[in-house]
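Please read the structure below before turning to the comments.
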Amino acid sequence: MASPAFSNNSSGISISVADDDDSDEPSRMRARVRRKRKKHHHRVRNEFSQRIIRFVLKYWTVLIFLPAAGLLIFEASKIGRKPGLDDVKASERVNEVTKPSFRAEGNNKSEGNLNRLDPVTHIVGGVRERCLKLLPDEELQHLDIPIHDDFSGPVKNVVYISEKDTQHIGANTTLSGQSTEGSRFNLFTGHQTFDQRERSFKVKETAELHCGFYSENGGFKISDEDKSYMRTCKVVVSTCAFGGGDDLHQPIGMSEASLEKVCYVAFWDEITRAAQESQGHRIGVDHFIGKWRIVVVRDLPFADQRLNGKIPKMLGHRLFPQAKYSIWVDSKSQFRRDPLGVLEALLWRSNSVLAISEHGARSSVYDEAKAVVKKHKATPEEVEVQITQYRRDGLPEDKRLNGKKALNEASIIVREHTRLTNLFMCLWFNEVVRFTSRDQMSFPYVLWRLKVLKDIHRFPVCIRKDLVNSMGHVRKAKPLMS
């Protein structure tokens, strides 16, 4: 019995010892395993860190260049951007005293441009600068209007050809003697012959030429009360909307001094007045809407409303006989700068007598002619007649003129009313009547022919964008007749 007992005890001891050994061995094995895993993880982290360091050392120039390039692209994208809603609200708060412009319902495309005052900038030599550099407000308040001696130029006197009799009036005078025989010359323009056209470009001390208002029966009738007001204007900002084509956008950004010294005049016809009254915008008893003095013109001389619009645009010296300076703004734009500041920046500072923008897309008359036909702005036949004549006269196809683009954009015209600039505008008006109403085609030609007019400031496109908020045409103007 002892033997089995011993055997059992031995087995028990054996088992006991084996159990102790078994329990310790896994423990030691687990410890070794944990140490190996810890060491492996540490090695992986070291290798990963070394790879990062090697990558940074190898590509450090690229890592620096990419953020810099991104910042540059971001800054460039802000040039000319349209402001967000907060920008618009800020501009409106600045101009709370300005009455809102009249806009047709549904014209949301340009709504974000209305009443903006934020300056347009560009980069010069790596530095961002404002395109239009106006004087500080305190200097604008005390800015005097210079009066220059106009007798020192090559033209001492300009005589406008007129006709006092009514022998050419037809039976139907409703449209003021509008030409019905293909030619657009009529009782308002006078019937300029080709020989008269050629003589008008020859500069003499006394220049004699057609310049509208040829006959008392030629149309473009203005009331005596409006004429009296217009004779009081020394500096004028003008626009027009005929045929109900565009709404009236109130000017903004002017100083108190400009409000006292500058006239704001908008020319309408009865169609535009009716269109505005239908929207609740009525002319006050004082003939004003906001800051604009509204002059309603009767008896327009052309069936083409674009031609009617050239009269206040080009013949401001005839409409405002006492004015020394004028700024023309197309009705599709909202003028947003101080007019005296604009005259100082674009005329007086550079000793110029006329300022007009370079064209933003094209550089020559011949390129413009192709674009006019492609966009159906005029018929191919009438464009061909004009371009053929200009080629015959020797107009070069150069895309640069005196270091600037040879083509200009005429939605803003800033000028001093001198005898020479008045002559220029008359010549320009006669060209748009003789050929197409696309005045950007004829402006470079007249400038090329009238070589004595040199003091012209052809400013870059970014200045034009700074002068106005572009609203676009809200509706097509109604023609005076089919």
Determine how many Å³ per residue the convex hull of the Cα atoms of the stretch 189-347 encloses.
139
Percent breakdown of C-alpha pair distances by 5 Å bin, ordered from the shortest bin, for the stretch 209-299
3, 12, 22, 24, 19, 13, 6, 2, 0
Percent of Cα pairs exceeding the 28 Å cut-off, where the set is the stretch 259-409:
38
Could you point to the residue in V329, H359, I289 farthest towards the positive end of the stretch 239-363's charge dipole, with +1 and -1 charges on the Cβ of Lys/Arg and Asp/Glu respectively?
H359
Label-point separation, D398 to K221 (7 Å along Cα→Cβ), nm
4.9
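How high is the FRET efficiency from H281 to K375, r the C-beta distance, R0 41 Å, rounded to 0.05?
Efficiency, rounded to the nearest 0.05: 0.85.
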For the stretch 322-373, treating each Cα as an identical point scatterer without solvent, what Debye log10 I(q)/I(0) comes out at q = 0.14, 0.19, 0.26 1/Å?
-0.55, -0.85, -1.06
Provide I222, I161 ordered by accessible surface of protein heavy atoms (probe 1.4 Å), highest first.
I161, I222
Report, in whole Å, the centroid distance computed from the Cα atoms of the stretch 215-273 and the stretch 289-324.
7
What's the ranking of 299-305, 348-354 by average number of surrounding C-beta atoms within 10 Å, highest first?
299-305, 348-354
When each pair of different Cα atoms in the stretch 357-440 is counted once in the 1/r mean, what is the Kirkwood radius in angstroms, to one decimal?
13.8
Net length gained if the chain between H142 and T121 were fully extended (0.36 nm per residue, minus Cα distance):
4.9 nm
Roughly how many nanometres apart are two label points built 7 Å out from the Cα toward the Cβ at R199 and A361?
4.1
Return the subset of K405/K465; K133/K261; K133/K370 for which the Cα-Cα distance in this structure is over 29 Å, preserving the input order.
K133/K370
For the pair L66 and S470, the simple spin-label estimate (label points 7 Å beyond Cα toward Cβ) gives in nm 3.7
With 20 Å as the limit, write out which pairs from K291/K332; K227/K313; K156/K404; K221/K324; K204/K234 have Cα-Cα distances beyond it, or answer none.
K156/K404; K221/K324; K204/K234
Phi angles of the stretch 348-361, converted by Karplus (6.51 cos²θ - 1.76 cosθ + 1.60, θ = phi - 60°) into ³J(HN,Hα) in whole Hz with x for Gly and Pro, give 5, 5, 9, 6, 9, 10, 8, 10, 8, 7, 5, 6, x, 10
Using the Kirkwood formula on alpha carbons, the hydrodynamic radius of the stretch 380-482 in angstrom works out to 15.7
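The values are calculated or read from the model by the stated rules, or taken from the named source; none is laboratory data. What you are looking at is a predicted structure, and each value in this text was computed from that prediction instead of being measured. Cβ sites come from the backbone with ideal geometry, for glycine too, and all protein chains shown count toward neighbours. Accessible surface areas use protein heavy atoms only, side chains included; no ligands, DNA or RNA. Shrake-Rupley method; radii C 1.70, N 1.55, O 1.52, S 1.80 Å.
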